[in-house]
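Participant: Pasting a structure below so you can have a look.
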Amino acid sequence: MGKPYDYEQRPLQPCQYTKAVYGSALPHQGPLPPESIDECEADELLPPSPDGHYPFLDITRIACVWCVAVDHGNSSFGIWNVMFTQDWVLQYLFLVCGVSYGMTSRSLPGYLSRLFAYFVIGAVVNLVAWIIAGLKWEGNIFNVVFHLWFVVGVMIY
C-alpha cells in the first residue's frame, strides 16, 4: 500500500483517481492537484477544474431547466410529451440537486436556509407579478407559488 492519504488536505470526490496512494486507479473524491488532472482525466470531455467544479452538472441542469421552460411556455409540448421530457427531466433535476448537495461542504441547515431564501424570493416576485397583472391572488395562493414546488420538494427530500 502507498503513503497515507491526507483526508483533511484533499476531500474526496468521484471520477478522480489516486494512483499515488493505492498503487491503482481507485475512485476517490476531492480536488486533485492540476498536474494529476491531465494524467487521470485526459479522455474526459469536460474534466473538473482544479477546485473540484464539474461543468457537466451545470450543463445538465441548464438543459433540464430549458426543457421545463419550453414545456411551461407552450403547453402543447406537454400534451404531446415531446422528447419524453415528462419521463426524465424532473428526475434528472432531482438527481443533479442530490449530487450537488453530496459534493458540497455546506451544512444541512445552511443548505436549507439557502433554498428557503430562494423560495421566499420567488414567491415574492410571483406575488408582485400577480398584483401588477391585476389577478386575484387572495384565493389563489397555491397558483402564486406553484412553480416553486420543486424547491420545497428538494428541501423536504
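All of the numbers you see were taken from the coordinates with simple rules; none came from a lab. These numbers come from a predicted model, not from an experiment. Cβ atoms come from the backbone with ideal geometry, glycine included; neighbour counts cover every protein chain shown.
Participant: Roughly what would the spin-label model give for residue 116 and residue 75, points 7 Å off Cα along C-beta, in nm?
Facilitator: A separation of 3.4 nm, rounded to one decimal place.
Participant: Determine the gain in length on full extension of the stretch residue 123-residue 49; use 0.36 nm per residue of separation and subtract their C-alpha separation, reporting nm with one decimal.
Facilitator: Numbers: separation 74, 0.36 × 74 = 26.64 nm, distance 3.45 nm.
Extra length from residue 123 to residue 49 when fully extended: 23.2 nm.
Participant: Relative to the present Cα-Cα distance, how much length would full extension add between residue 99 and residue 142 at 0.36 nm per residue of separation?
Facilitator: Working: separation 43, 0.36 × 43 = 15.48 nm, distance 2.91 nm.
Stretched out fully, the residue 99 to residue 142 stretch lengthens by 12.6 nm.
Participant: Next question, about the same structure. What does the extension gain come out to for residue 61 and residue 87, with contour length at 0.36 nm per residue minus their alpha carbon separation? Spell out each step's value before the answer.
Facilitator: On the way: separation 26, 0.36 × 26 = 9.36 nm, distance 1.58 nm.
Stretched out fully, the residue 61 to residue 87 stretch lengthens by 7.8 nm.
Participant: Based on the mean of other Cβ atoms within 10 Å per residue, sort peptides 130-136, 99-105, 67-73 so the most packed one is first. Mind dumping the intermediate values first?
Facilitator: On the way: 130-136: 10.1, 99-105: 12.3, 67-73: 14.3.
Result, highest mean Cβ count within 10 Å first: 67-73, 99-105, 130-136.
Participant: Ok, one more. Can you give the relative contact order of region 35-143 as a percent, counting alpha carbon pairs under 8 Å and 6+ residues apart? Don't skip to the end; give the middle numbers.
Facilitator: Values: 34 pairs, mean separation 17.4, N = 109.
About 16 percent, as a whole number.
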